[in-house]
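Values quoted throughout were computed directly from the atomic coordinates according to the rules given, and no laboratory measurement underlies them. If you're wondering where the values come from, they're calculated on a predicted model, not measured in any experiment. FYI the Cβ positions are ideal-geometry reconstructions off the backbone, even for glycines, and counts take in every protein chain you see.
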Amino acid sequence: MTFPSDFLFGSATSAYQIEGAAAEDGRTPSIWDTFSHTPGKVLGGEHGDVAVDHYHRFRDDVRLMADLGLEAYRFSVSWSRVQPTGRGPAVQRGLDFYRQLVDELLEHDITPWVTLYHWDLPQELEDAGGWPERVTAERFAEYATLTADALGDRVQHWTTLNEPWCSAFLGYGSGVHAPGRTEPLAALRAAHHLNLGHGLAAQALRAALPATAKLGVSLNSAVVRARTDSPADRDAKRRIEALANGVFEGPILQGAYPEDLFADTARITDWSFVRDGDLAEIHQPLDALGVNYYTPSLVSQVQAGEVERRDGHGASAHSPWPAADSVAFHQTPGPTTQMGWTVDPTGLHELLVRLGQLAPGVPLYITENGMACEDKPSEDGTVNDQDRIDYLHGHLGAVEQARGDGVDVRGYFLWSLLDNFEWSYGYSKRFGAVYVDFDTQERTPKASAHWYAELVRTRELPAV
Ligand code: FCB
């Protein structure tokens, strides 16, 4: 199996998970600063104040990527750093950080791939209502313009949102993510205003950027399987597909919400917050669709005594799925990662084939894929993460298979470059290809980093 020379291999991170420097150079708190400093929200009371200190070590981190031969780097911009409080003019020092980072990448021939929003809303915007309110979408477009004005001369690839599902349904539904609200109506309103934010920001970016700029969004569309072929289980699958996929794919890729989503959630809302013209604002042409994939979901109609709610990023008494109490989630068969997520590359293949059909003409990029492992340096200092190598091998094989089936997949970003702050799990889950000693901040590429570097160099997936 061979990847063509223009297939882009990179790694991914996000601002709050790695930067630290939480109160430096004018940055104000985001919802994740507030949430992680609220007792009981993050395992061990951990937070991103220092994280892996990337803000001060970015030059070393870029050199690490260059040493591994990585071709692209997906990172996110901290809104609170470039536009503290989410309003008003940009702060020069915040923009300078990203300009320097991008320059450093370009000097090392690494393509910068910018995400504008990876879950860290300025706290003041949450205090004004957050994503459930329309004004947040409008603010987001302003911030997109500020960032594009500052980086547009050197960044070609732009992503509006990362995984809006998590922002809406984990942030406002199950509450395992910031801002930690547990209001089904707010979650649905947030989903719509995230969609609107995407559309308005995409238009703002088009207006501010050169015509050659490439715009996209990264979705974590779910691969949902029904436990049996019974009508009830198939209906459970349909319901979750509407809430996980249709709610974003519909408006963004096709210009309409699925009708069954309205019907399923009718007891929560009549969706009158969707105004005339919104769908046209949201349905913007895209140059790339980012696909984040980790594991499939298995669902059934709930049977007595078996309500198991799996949202993938933490446990809560509140469901992230509005009006889906009739659905039970089950562990899919197979080996699991440190997150408890089943390793199943067939889900990635299935997802790529489906999205290729749903969005014909839009190139797909895997913008996240990877696994958490209990990594520990051995006596000689090396980190032998064979499980991660196997995971990557399997999933890159699925990418090749989808390409062989004619799906236009053009790149792959490994999640993540570095071990980092894994949201409500704090620093307990290690996703990096590079090991980080969180006490000393020392970085050590794991065996998987060397394996990946070799793949990037040879373009060949080795036989197992
Ligand atoms: C994704 C997030 C990313 C990281 C991985 C494991 O949902 O986008 O920040 O947490 O999961």
Virtual spin-label span in nm between D390 and E259, 7 Å along Cα→Cβ: 4.7 nm
Simple Cβ-charge dipole of the chain, Lys/Arg +1 and Asp/Glu -1, about Cα centre, in debye nearest 20: 660 debye
The chain: C-alpha pair distances exceeding 27 Å, %: 51 percent
Rounded to 5, the percent of DSSP beta bridges in the chain classed as antiparallel: 25 percent
Taking M65, M1 and counting other C-beta atoms within 10 Å, the order from fewest to most: M1, M65
Relative contact order (%) - the chain, alpha-carbon pairs under 8 angstrom, separation at least six: 17 percent
Model label zone, R459; criterion: amide N under 20 Å from point 7 Å along Cα-to-beta-carbon; scope the stretch 360-381: 363-366
Relative packing of 440-446, 320-326, which averages over residues the other C-beta atoms within 10 Å, highest first: 320-326, 440-446
Phi to ³J(HN,Hα) by Karplus 6.51 cos²θ - 1.76 cosθ + 1.60 over the stretch 222-234, Hz, x for Gly, Pro: 8, 9, 10, 10, 8, 5, 9, 8, 5, x, 5, 6, 5
Check: the stretch 355-457 dipole with +1 on Lys, Arg Cβ and -1 on Asp, Glu Cβ, in debye: 380 debye
Full-stretch length increase - S326, E442 - with 0.36 nm per residue and alpha-carbon distance subtracted: 37.0 nm
Residues S272 and H108, FRET efficiency given R0 of 60 Å [Cβ-Cβ distance, rounded to 0.05]: 0.75
A211 versus E379: modelled label distance in nm, points set 7 Å from Cα along the beta carbon direction: 6.5 nm
Highest-first arrangement of 347-356, 263-272, where packing means the average Cβ count within 10 Å: 347-356, 263-272
Cα centroid of the stretch 404-460 to Cα centroid of the stretch 193-265, whole Å: 27 Å
Reachable lysines from K446, criterion Cα separation under 22 angstrom, eight or more residues apart if same chain: K376, K429
